[in-house]
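Note sheet for the following structure.
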Amino acid sequence: MSFGGFSNSNSGSGGARNIADIPYNNGTTTNHNNNNNDRMPFGTISQPRLVTTPTLAKSMFNSSGLSLALQTNIDGHEDVNRMPENFEPNGLRRSREEEHESRSGSDNMDGGSGDEQDAADNPPRKKRYHRHTPQQIQELESLFKECPHPDEKQRLELSKRLCLETRQVKFWFQNRRTQMKTQLERHENTLLRQENDKLRAENMSIRDAMRNPMCSNCGGPAIIGEISLEEQHLRIENARLKDELDRVCALAGKFLGRPISSLTNSITPPLPNSSLELGVGGNGFGGMNMERSMFLELALAAMDELVKMAQTGEPLWIRSIEGGREIMNHEEYMRTFTPCIGLRPNGFVSEASRETGMVIINSLALVETLMDPNRWAEMFPCMIARTSTTEVISNGINGTRNGALQLMHAELQVLSPLVPVREVNFLRFCKQHAEGVWAVVDVSIDTIRETSGASSFVNCRRLPSGCLVQDMPNGYSKVTWVEHAEYDESQVHQLYRPLLSSGIGFGALRWVATLQRQCECLAILMSSAAPSRDHSAITAGGRRSMLKLAQRMTNNFCAGVCASTVHKWNKLNAGNVEEDVRVMTRKSVDDPGEPPGIVLSAATSVWLPVSPQRLFDFLRDERLRSEWDILSNGGPMQEMAHIAKGQDHGNCVSLLRASAINSNQSSMLILQETCIDAAGSLVVYAPVDIPAMHVVMNGGDSAYVALLPSGFAIVPDGPGSRGGSLLTVAFQILVNSLPTAKLTVESVETVNNLISCTVQKIKAALQCES
């Protein structure tokens, strides 16, 4: 199997370079959720020092001066008791009782909070006030600095310790948050007012200058017409370019994690840093157009959301009752995050999942794999039908992938004709958060393209999704994967809707399970000693050629099941074909890896009341193959060669020989690849010629071995099910050796009958005809 230079050639056994251990916590964050122990801690990711309320955080990027001006008072050092008595947020004067409560900052009524009572519903009554002691205020302020939003458990403990009622503690924190928010808003209004006054003064000076133009050479009054219209336009353009440069430099500063100064004293300013490749070619920042700057803003917002979603526990993520998987609380998500790609389209539904696992690969190798489209597709062959990089916006900083940003296109698939391929155009952004800690995030760009006038219909939107990778000391990495998407459910068959909505079909579990299986396979193939159950007759070169051939066979099988654009399939609407069977045809011409002629593909998916493991074991067992395979000639098959691809015996490539009935059938072998992980399993096979396989097993080129694959894809039938399986059966058959020949009705009926007969034989063998 070719992994495209995936591993480090200087590494030892397993292809993974050991990286120093990264501590799980830097001592600055206390984790109150015991369910988060298996995820990457907050302390691993470097956090900004400024702590603001959500209102301020949203405006920090657009008001950098404001955020700096507020650092002295924002951490809670200012005494609440010294606030002015006439405290009027939003210009509205409070009542005497509210003013008394706001003035103390710590007084509280024994009655309900102002947010929870309605004067129109309750008759006025005498309100009793309670003034907290200095010790109580000190305790409350101390906890407020650490946690402005304490949960019910924290409030209960605090009330017991301070001899207060829990509602008094609750109302104190409500009032304190309101007080700080209003204080910040007043400060912000003051700064905005000052900026407005400054702009008004500049506007007045510009008007005076236009009324009284001065000569730039002598300093005297200019003669009318001396300042040309062209020069006026140049000055206006210069001012616009200065503003644009300042905005882009602010973006770049956030992108790189350090400030970038802009020199705005000339019409053509020098580049802030010529080594940065945030523009195309050598244009740097000067070449960044409006669309690219929007891409950069979107990538930064998506990265922030991914890190938070990967690290946050309950109530954002909750454990499902069936299986114990993590599923997202969509209501909490909407309260916590502002949608960075707009609201969900009408008719779309959401799916979200998170999974954490240990993978035998280091962080740098995984990052390089994700940023290279070919290696990404090879790592996830059954999930990615096709992918490409359409534009590289940044290659990264100082020869690394830190800060790499690129525009990509991908076709994602579930192996069933009943689930449409998901085509997504997205940004992929890579960032190093600490030594040995990386994050790679994807986010769809459809909203940006819509505003640019290049909108097209999409059946899926990828919200911030991706992975956090942390090096471990044993050559492994801890990977936390988040998948979040919105899609058109009306195009999905009812049989597969529970699988997709639960996040299993395209979810994080499938990405992590595939990554673990593929990396384990790579480590085994790179080891010097072959596993004990492998046939020693196969040379090292023969193993590589045989694995490469099996990889091509499996890729072609997936392309035939899902009708991706890898091959140009033409769908047939034949009246004599069952409703859930999809039949397609294509011409095979000048492809040495396939027999020339008309290729017919037929695929269907059915539900079986059998567990996925039992179904997989039955279909991969060569001794039971005669119970469903017409190529077995009614007898058992013998395994001629075996190459292990993982610790599980089900992950392997094998060469099978059918027992011959007569001399004419002795020249046929069957190449088979099987794989299984936590998300599903696969059995793919194809007839091959004995002379061709002799060449392959001796290390020869496998590209000239012609084959057409068939096989099965197995997945669980979704959460809350009856423990059954969803089985996809697919065949690719050469119906005519002439590419110019016309397809006959008899050929379509033959393939349709072959699928029906195979499904019935499987049901009969597993005793589940009903």
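Report the gain in length on full extension from Arg240 to Lys145: 0.36 nm times residue separation, minus Cα-Cα distance, nm rounded to one decimal.
30.0 nm
How high is the FRET efficiency between Thr400 and Ala250 when r is their beta carbon distance and R₀ equals 25 Å, given to the nearest 0.05?
It comes to 0.60.
Per 0.36 nm of contour for each residue apart, how much would the distance between Thr389 and Glu639 grow if the chain were fully extended, relative to their Cα-Cα spacing?
Length difference between fully extended and current span is 85.9 nm.
Separation of the range 684-743 and the range 146-215 by C-alpha centroid, Å?
About 65 Å separates the Cα centre of the range 684-743 from the one of the range 146-215.
Under a plain spin-label model, where a point goes 7 Å from the Cα along Cα-to-Cβ, how far apart in nm are Glu749 and Ser205?
Placing both labels 7 Å beyond Cα along the Cβ direction yields 9.1 nm.
How large, in percent, is the carbon and sulfur part of the accessible surface of the range 310-436 at a probe radius of 1.4 Å?
49 percent
Once ligands and nucleic acids are excluded and a 1.4 Å probe is used, how much of Cys652 is accessible, expressed in Å² to the nearest 10?
Per-residue accessible area (Cys652): approximately 10 Å².
Once phi is turned into θ = phi - 60°, what whole-Hz ³J(HN,Hα) does the Karplus curve with 6.51, -1.76 and 1.60 give for every residue of the range 736-746, x standing for Gly and Pro?
The phi angles translate into 7, 7, 9, x, 8, 6, 8, 6, 9, 5, 4 Hz.
Let me check something: with ligands and nucleic acids excluded, how do Asp629, Asp590 order by accessible area (1.4 Å probe), largest to smallest?
If we order Asp629, Asp590 from most to least accessible, we get Asp590, Asp629.
Starting from the 7 Å offset along Cα-to-Cβ, what nm value, one decimal, do you get for the label separation of Cys163 and Glu435?
Those two pseudo-labels are separated by 5.2 nm.
Could you list, in their original order, any pairs among Lys571/Lys763; Lys242/Lys431; Lys645/Lys761; Lys170/Lys308; Lys181/Lys242 whose Cα atoms are separated by more than 32 Å?
Too far apart for the 32 Å limit: Lys181/Lys242.
Any idea how far apart Arg131 and Thr336 come out in nm if each label point goes 7 Å out from Cα toward Cβ?
Computed distance between label sites Arg131 and Thr336 equals 4.2 nm.
Rounded, prolate or oblate: which one fits the range 723-770, using the alpha carbon gyration tensor with axes a ≥ b ≥ c (rounded when a/c is under 1.5, else prolate when a/b beats b/c, else oblate)?
Prolate, since a/c reaches 1.5 and a/b exceeds b/c.
R0 = 22 Å: FRET efficiency of Ala678 with Arg657, Cβ-based, nearest 0.05?
Computed FRET efficiency for Ala678 and Arg657 comes out at 0.10.
Once you have the Cα-Cα distance between Asp617 and Asn212, take 0.36 nm times their residue separation minus that, and quote the gain in nm to one decimal.
My answer for the length gained is 136.7 nm.
Skip the ligands, DNA and RNA, and give the accessible area per residue of the range 347-460 with a 1.4 Å probe, whole Å².
31 Å²
Kindly sort Ile690, Ile393 by accessible area of their heavy atoms, largest first, with the probe set to 1.4 Å.
Output order, biggest surface exposure first: Ile690, Ile393.
Using r as the Cβ-Cβ distance of Glu230 and Lys198, and R0 as 41 Å, what FRET efficiency do you calculate, to the nearest 0.05?
Calculated value: 0.90.
The values are calculated or read from the model by the stated rules, or taken from the named source; none is laboratory data. As the structure is a computational prediction, the values presented were derived from the model and not from experiment. As a convention, Cβ positions derive from the backbone with ideal geometry for all residues, glycine included, and neighbour counts pool all protein chains shown. The area values use the complete protein model at the heavy-atom level, side chains included, leaving out ligands, DNA and RNA. Shrake-Rupley method; radii C 1.70, N 1.55, O 1.52, S 1.80 Å.
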